1. Check off (1) modelled with pLDDT of 75 or more; (2) open to solvent by 80 Å² or more (accessible area, probe 1.4 Å) for Q266 and give me the number that stays unchecked.
2. Considering only the range 131-150, how many residues are surrounded by fewer than 23 Cβ atoms within 10 Å (Cβ to Cβ), of a type outside the set (G, A, S) and either away from the ligand (no atom under 15 Å from the Cβ) or outside the structural domain of K200 (by TED's automatic domain parsing) (or both)?
3. Take I183 and decide whether it is at pLDDT 95 or above, open to solvent by 10 Å² or more (accessible area, probe 1.4 Å), more than 10 Å from the ligand (Cβ to nearest atom) and among the hydrophobic types (A, V, I, L, M, F, W, C).
4. Given I177, I249, I214, which one is in a helix (DSSP H, G or I) and more than 13 Å from the ligand (Cβ to nearest atom)?
5. Quick check on I300: is it crowded, with 18+ Cβ neighbours inside 10 Å and in a helix (DSSP H, G or I)?
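The values are calculated or read from the model by the stated rules, or taken from the named source; none is laboratory data. The model shown is predicted, which means the values in this text are computed figures rather than measured ones. Note: ideal-geometry Cβ built from the backbone for every residue, glycine included; neighbour counts use all protein chains shown. Keep in mind that these areas ignore ligands, DNA and RNA; they rest on the heavy atoms of the full protein, side chains included. Shrake-Rupley method; radii C 1.70, N 1.55, O 1.52, S 1.80 Å.
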Amino acid sequence: MQKHFIGGVRPGSIIAQDVYGSDGVLLIKKGSMFREQYIPRFIDAGVQEIFIEDNGNMTPETIASIRKSLNIQDVIHDKTRTHAQSQIKKTMLKFKSVTNADIQRIGQIVEDMIDQLLDKKDFVFALSQLRSVDDYTYQHSVNVGVLALIIGIDLGLEKEQLKQLGMGAILHDIGKIMVPEEIIKKPAKLTAEEFSEVKKHTEYGYEILIQTEIPEEAAKIALHHHEKFDGTGYSRGLKNTKIPLFARIVSVADVYDAMSNDRVYQRKSSPDKVYREITHQGDRHFDTQIMETFARHINIYPTGTGVILNSGHRGIVLYQNKLYPESPIIRVFLPKEKDVRRLYFDLDLSLNTKWHIIDTF
Ligand SMILES: [Fe+2]
């Protein structure tokens with residue numbers, strides 16, 4: 001346990017003692033995770049220093065070396081992912097137009113992705129660990145493409161349909177190039193007017209794509225990817241299977257990937273929260289069959305994820321428990337001062353019900 005000035009506490013640190021304001025009111029309980037947004041509240045309440053848990057033997061170097069040794073593999077090749085990201089970036093940064101040459105290049109990338117995915121027997125999607133907020137839109141577009149293809153393959157779509165699905169999924173947000181950048185990048189909640197401006201990206205996207213040689217089925221993904229199964233979405237308020245199949249697939253992939261990552265205005269949710277939220281929203285917002293298909297290919301805690309346990313210890317996910325996805329096998333790091341001989345131990349959470357994951361980092 002160490003004492004730190006509020007300004008020097010790293011977000012994600014575990015608070016080691018209950019924190020009270022100068023009026024004696026409890027501000028936050030021990031064991032909670034420190035977040036940057038607490039700082040003004042603590043300062044207002046007269047708190048200058050707090051105690052945080054020592055990270056023990058878990059240094060950034062040990063985390064990096066474990067992740068390296070786990071040989072975490074992406075479902076598509078790094079080269080394909082990088083190529084896809086730079087292609088979508090180029091397409092979106094061009095002056096509000098998409099050419100047939102862009103469409104052909106994206107079509108080629110999607111064919112490569114399909115071949116690589118079909119090559120794998122059992123693909124489980126693992127989110128890349130590091131993503132920059134700046135390149136969020138491009139990384140998100142590619143992830144939505146990969147996730148949509150995984151669902152499409154499991155649903156038994158033909159190769160040509162998969163190609164249309166993948167292209168439309170990668171380009172689903174292309175209409176955002178027509179929405180003012182200050183609204184897209186606004187680091188706060190949008191006003192009602194701004195939100196109605198953002199909603200137009202679905203119409204804009206369809207108008208842009210329909211002028212190219214992309215098949216209409218793919219262009220319709222841009223128009224309908226914010227429709228909800230119960231009819232409460234946009235742009236047309238379509239219900240149930242009136243929403244085109246490809247758009248139903250992309251809406252699941254889109255919401256999942258958006259929630260799993262830091263955005264300009266919102267920090268990411270932990271993988272288990274995303275998983276639960278998305279399966280709860282299930283019957284109202286999504287096509288249940290598509291969601292169940294999707295859930296089979298998602299790890300709640302992908303290998304290599306940093307986790308925080310209810311005991312305050314930190315660890316790294318080593319392996320999955322196929323039957324108990326919420327209880328993986330983890331390497332737990334011990335506090336430095338307690339045991340100099342042992343740096344860590346490995347723990348199967350499915351066999352130790354006393355321990356469970358409360359957050360990720
Ligand atoms: Fe969108």
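1. Evaluating Q266 over (1) modelled with pLDDT of 75 or more; (2) open to solvent by 80 Å² or more (accessible area, probe 1.4 Å) leaves (1) as the failure.
2. The total comes to 4.
3. Numbers: at pLDDT 95 or above: no; open to solvent by 10 Å² or more (accessible area, probe 1.4 Å): yes; more than 10 Å from the ligand (Cβ to nearest atom): yes; among the hydrophobic types (A, V, I, L, M, F, W, C): yes.
So I183 fails the test.
4. I249
5. On the way: crowded, with 18+ Cβ neighbours inside 10 Å: yes; in a helix (DSSP H, G or I): no.
When the stated conditions are applied, I300 does not pass them.
Residue-by-condition table, conditions (1) more than 18 Å from V98 (Cβ to Cβ); (2) of a type in the set (D, E, K, R):
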site	(1), (2)
Q139	yes, no
V142	no, no
L147	yes, no
I153	yes, no
E158	yes, yes
K163	no, yes
G166	no, no
K176	no, yes
